[in-house]
Amino acid sequence: MYSVDEIKQLLAAFDNSKATRLTIKNGEGEEISFMQKSSASVITEQTVVSEPVVEKSHAKASNSPFIQPEEKQADDGSSPVNSPMVGVFYAAPAPDKDPYVSVGSVVNKGDVLCLIEAMKLMNEVTADKGGTITKICVENGDVVEYGQPLFMIK
């Protein structure tokens, strides 16, 4: 069986190459395959004996600039507070603490609404205007995308 260090070395060599697909078989019947899919490398390990398949994604950075999403108002006049980054949404400062806001909370411009964890850093998301929280669009622990609506404020 391939060790974790061997897999990491193979992945590094594959990432540095221009190859889009690589399959290696050893004498014990084990097979490891690497394949480039759009902007991610996928690793699968299979053996002749029916063992589980191991998959791992390896994301690559993009050089494309971010484009600010359009602010759209809902039918009730609410406007979204969009995620400023990709990360994990946390409604409270700690698991044992109350959430920063809930539906019906009145907030002022600059009030902390939630945290987004990105690259092991906690980033505060603040209200860009004052108003009342009419909807929370995501759940605690969800992975959010750049520009995804997190809250609706009226």
Next item on the list: With respect to Gly110, determine if the residue is without any contact (Cβ under 8 Å) to a residue 40 or more places away in the chain and closer than 15 Å to Ser79 by Cα.
Entry: no
Next item on the list: Please go through the range 92-135 and pick out each residue that is of a type in the set (Gly, Ala, Ser) and at positive phi.
Entry: Gly104, Gly110, Gly131
Next item on the list: Only residues that are small (Gly, Ala, Ser) and in a loop (DSSP other than H, G, I, E, B): list them for the range 100-154, please.
Entry: Ser102, Gly104, Ser105, Gly110, Ala127, Gly130, Gly141, Gly147
Note to self: Restricting to the range 75-92, name every residue that is touching a Cys at 6+ places or on another chain (Cβ under 7 Å) and aliphatic (A, V, I, L, M).
What the structure shows: Ala91
Item checked: Among (1) modelled with pLDDT of 70 or more; (2) surrounded by fewer than 13 Cβ atoms within 10 Å (Cβ to Cβ); (3) outside any loop (DSSP other than H, G, I, E, B), the one test that Ser57 misses -> (1)
Check: Pick from the range 79-99 the residues that are more than 20 Å from the chain's Cα centre (by Cα) and in a loop (DSSP other than H, G, I, E, B): which of them is nearest to Glu139 (Cα to Cα)?
Finding: Pro99
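The values are calculated or read from the model by the stated rules, or taken from the named source; none is laboratory data. None of the values given here were measured: they were computed from a predicted structure. Note that we place each Cβ from the backbone using ideal geometry, even for glycine, and neighbour counts take in every protein chain shown.
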